[in-house]
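Heads up: the structure comes next, in structure tokens.
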Amino acid sequence: MKFIKRNSKNIIIGILFILFISASIIIFYLLNNPKVKVEKEIIGNVIIADSKYLMIESNNENYLISNIKDSYEIGDKVKFIYYESNMNNEKNPKEIKVIDEEIISKNNNENKNSINNNENKTDLNNNDKNNINDNNITNNKDNNIEKPDNKYNNSNNINSNNNKKENADNAVINYLNKVEAEMDKPSLGESAKEYFVTIIDFIFYKGTIKGYTFNELSNSVKLKVLSSALYFDSKIDKYFPGYKESISSTTKKIYTNVKAGIISTYLEITTTICNSNDELCASAKIGFQSLKKNFGLTFDLIKEIAGDGINNLKNWYEIWSGK
């Protein structure tokens with residue numbers, strides 16, 4: 001009988017010990033994981049609106065919001081509730097999975113009109129908004145869309161235009177291959193500067209290559225030219241620091257800010273492509289992922305380039321992110 005009582009007592013002690021150890025582990029975990037089930041809130045203005053996700057700006061930080069229930073518009077002010085453990089600070093933009101949401105204020109018509117009026121602006125940076133303007137980026141927007149000739153819209157004319165575009169593509173690609181071979185050399189000579197100016201003039205200042213203009217190219221080759229131009233720009237910065245500033249000061253053309261212009265033009269053309277050609281759209285997005293990796297193109301940079309044209313930002317984010 002005493003043996004049974006002793007065993008029962010030992011079993012109870014054992015159970016209590018296990019419970020004590022388990023409670024200690026749980027308390028230790030909670031103390032060392034303060035984010036567990038801790039509710040937080042964030043209030044921000046919607047800068048990208050989609051049925052599946054939102055992006056808000058709060059205290060100059062960007063947050064990608066998932067798990068939303070309601071629909072919002074650009075400019076709405078919204079409060080979101082989330083568990084601190086569901087905030088990913090490692091991503092840019094930061095990512096939050098929310099548990100509740102509340103509209104603080106709707107965007108008013110005045111703000112909507114302001115956004116729409118600024119939709120097509122490209123803010124290169126705070127000091128040089130208009131440095132590359134009338135004859136370059138804005139013109140490229142309109143010329144990215146192939147416009148039929150209403151007077152001579154027949155099969156012969158289409159074939160002729162296709163042949164001309166193919167000839168332009170081939171001539172420019174051959175020229176780019178030549179320039180890339182020069183830029184890939186261990187040391188660059190004066191010819192690299194001349195090639196760089198030719199390419200930038202070709203894209204932004206109605207220059208020609210082999211008798212063809214940038215707007216005569218197919219969209220896929222335009223993207224190739226822009227990708228190459230970004231590479232050439234980085235090489236000139238590396239081997240000839242101050243060169244772009246010097247030529248910009250002696251001409252009416254601006255070369256110092258071409259990186260932003262190249263990126264925005266790539267994004268604008270890709271947006272146009274994605275409205276009509278899924279296959280080429282996928283290829284263009286893959287191409288941008290390479291640029292993003294090779295040249296460190298952050299979302300903050302994309303947002304800065306978009307400037308006041310915030311309605312562009314959704315398309316540009318999806319190209320940047322590869323969605």
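The values are calculated or read from the model by the stated rules, or taken from the named source; none is laboratory data. Quick caveat: nothing in here was measured; it's all calculated off a predicted structure. FYI the Cβ positions are ideal-geometry reconstructions off the backbone, even for glycines, and counts take in every protein chain you see. Each accessible area value is taken on the protein alone, full model and side chains, heavy atoms only, with ligands, DNA and RNA left out. Shrake-Rupley method; radii C 1.70, N 1.55, O 1.52, S 1.80 Å.
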Problem - Among residues of the range 217-247, those that are crowded, with 21+ Cβ neighbours inside 10 Å, free of Cβ contacts under 8 Å to residues at least 60 places away in the same chain and within 20 Å of Thr271 (Cβ to Cβ), counted - result: 4
Exercise for the section: Consider Ser187 carefully, then state whether it is in a loop (DSSP other than H, G, I, E, B), out of contact with any His (no Cβ under 8 Å at 6 or more places or on another chain) and among the small types (Gly, Ala, Ser). Expected result: yes
Handout entry: Residue check for Ser264: of a type in the set (Ser, Thr, Tyr), within 25 Å of Val197 (Cβ to Cβ) and either open to solvent by 10 Å² or more (accessible area, probe 1.4 Å) or not in a helix (DSSP H, G or I) (or both)
Key = no
Exercise for the section: Could you grab me the full set of residues in the range 167-210 that are over 24 Å from Gly287 (Cα atoms) and open to solvent by 60 Å² or more (accessible area, probe 1.4 Å)? Expected result: Pro186, Ser187, Glu190, Glu194, Lys206, Thr208, Lys210
Fill in the blank from the handout: Asn59: passes all of (1) within 16 Å of the chain's Cα centre (by Cα); (2) open to solvent by 80 Å² or more (accessible area, probe 1.4 Å) but (1)
